[in-house]
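> Got a structure for you, written out below as structure tokens; questions coming shortly.
The values are calculated or read from the model by the stated rules, or taken from the named source; none is laboratory data. Remember, predicted model here, so these are calculated numbers, not experimental data. Cβ: placed from backbone, ideal geometry, glycine included. Neighbour counts: every protein chain shown. Note: accessible area is taken over every heavy atom of the protein model, side chains too, but ligands, DNA and RNA are not part of it. Shrake-Rupley method; radii C 1.70, N 1.55, O 1.52, S 1.80 Å.
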Amino acid sequence: MKNSAPLSYFSFDNKALSMMPPRKARSNKGDFGRVLCICGSCGMAGAAYLSAKAAYRTGAGLVEIFTHEANRVVLQTALPEAIVTTYGDEYDRALLCSALERADAVVVGCGLGVTPCSRAILSDLLHGVDTQKTPLVIDADAINLLSRNRSLTKYIKGAVLTPHFMEASRLLGSPIEELLQRTAETAKEIAERYGAICVMKDHESAVSDGSARIYVNKSGNCGMATGGSGDVLAGIIAGIAAQNAKRDTKLSIFDAACLGVYIHGLAGDAAALHLGEYSLMASDIVDAISRVLKNTITHKEKI
């Protein structure tokens, strides 16, 4: 790690929910942003479902899922509100480019797989997206693909990376045991190395933009250590980013990522109050997002 100034830590409390993008009384779905979820390989519809529904629950106006054809029926049944665009064994780059043109924020990687097809999808995405204009959240298999295809990492500056410790180990080439001892420092090291925002997932997740200022999350519980929880987080961050893109006064992508991590933890806490930590599932976290946001979002402007 580079020598730098001592780290400065901060956390959120409930007042941070006022950072959520305001909603006008007179509005339409286009006013709240469109999320593109490039998620779910053959047989992995669940990851796409969780990230897409989380984006909707967080307030995105529209969500499009770009996924394998095998997932179409499941997703259109489970989440009829979403637009589903699919590819088969022959991936069509034009379909992805068209979907990307419509997006205000993008999630890639949840259940995507690490096949030659998924690598082609990630490569085309990274060559086609401007992360300064269209926020990009890179999760799960997309992180693993980056670890295996280092030439692609030069295109991820400004993106949000959401690794767990195994994925962080692959990104940095460091033993997991070492990284577990320094969550915040690991987040900063990844952010510095790749020019990205890093959400280092842990019991107290740390978010870094490479500066000395580190967000340390205090919401959440051990029940959230369950399959699909990370997919939900990626969808929440993208949902905030898509709405943020429509604001006149915008949050930084760093602040949007911190807020997403905080809301994710609050939703986990709300779900655990009803179900307990042993029984918590990722879908419960999604359903609890509405309870977290219900009394915090009000009409800021009447037209």
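> What are the radius of gyration and Dmax of the range 13-110, computed over its Cα atoms and given in Å?
14.4, 48
> Let me ask you something else. Once the cut-off is 18 Å, how many percent of the Cα-Cα pairs in the range 67-143 end up in the long-distance tail?
Across the range 67-143, Cα pairs with separations above 18 Å total 42 percent.
> Round to a whole angstrom and tell me the spacing of the C-alpha centers of the range 155-222 and the range 28-59.
A separation of 23 Å, based on Cα centres.
> Before I look further, what does the chain give for accessible area per residue, probe 1.4 Å, in whole square angstrom?
43
> Only loop residues by DSSP count here, and only those with at most 12 other Cβ atoms within 10 Å; note down the GluC sites (Glu not before Pro) in the range 69-124 that meet that.
In loop regions of the range 69-124 (DSSP not H, G, I, E or B), the sparsely surrounded GluC sites (Glu not before Pro) are E81, E90.
> Here is a further query. If you filter the range 12-48 for trypsin sites (Lys or Arg not before Pro), then keep DSSP loop positions with at most 16 other Cβ within 10 Å, what is left?
Sparse-neighbourhood loop trypsin sites (Lys or Arg not before Pro): K24, R26.
> Taking the Cα centre of the chain as origin, sum charge times position over the Cβ atoms of Lys and Arg (+1) and Asp and Glu (-1), and report the length of that vector in debye to the nearest 20.
With only Lys, Arg, Asp and Glu charged at Cβ, the dipole is about 940 debye.
> Accessible area, 1.4 Å probe, largest first: how do Y91, Y278 sort?
From most accessible down to least: Y278, Y91.
> So, with +1 on the Cβ of K and R and -1 on the Cβ of D and E, and no other charges, what is the size of the charge dipole of the range 149-267 about its Cα centre, to the nearest 20 debye?
400
> Filter the cross-link list K29/K188; K157/K294; K29/K154; K218/K250; K29/K157 down to pairs whose alpha-carbon distance in this structure exceeds 32 Å.
The answer is K29/K188; K157/K294; K29/K154.
> Could you tell me what percent of the accessible area of the range 1-50 is made up of carbon and sulfur, with a 1.4 Å probe and every protein chain present?
Percent of accessible area from carbon and sulfur atoms in the range 1-50: 52.
> Among rounded, prolate and oblate, which fits the range 194-268 when a ≥ b ≥ c are the square roots of the eigenvalues of its C-alpha gyration tensor, a/c under 1.5 means rounded, and a/b larger than b/c means prolate?
Oblate.
> Can I ask one more? Over its Cα atoms, what ratio of radius of gyration to 2.2 N^0.38 Å does the chain give?
The value comes to 0.93.
> Let me ask something additional. Using the Cα centre as the reference, give the magnitude of the dipole from point charges on the C-beta atoms of the range 40-153 (Lys, Arg: +1; Asp, Glu: -1; all else neutral), rounded to the nearest 20 debye.
Taking the Cα centre of the range 40-153 as origin, the dipole is about 260 debye.
> Using Cα springs under 10 Å in a Gaussian network model of the chain, which residue among D92, D255, D202 shows the largest mean-square fluctuation?
D92
> Moving on. Tell me the carbon and sulfur percent of the accessible area for the range 142-205, rounded to whole percent, probe radius 1.4 Å.
Whole-percent figure for carbon plus sulfur exposure: 50.
> Which aspartates and glutamates, on any chain, are close to K24 with Cα under 18 Å apart, when same-chain ones fewer than 8 places away are left out?
Qualifying aspartates and glutamates at Cα under 18 Å: D248, E301.
> Have a look at G173, G220, G43 and tell me which one the Gaussian network model of the chain (Cα, springs below 10 Å) gives the largest fluctuation.
Looking only at G173, G220, G43, the largest GNM fluctuation is found for G173.
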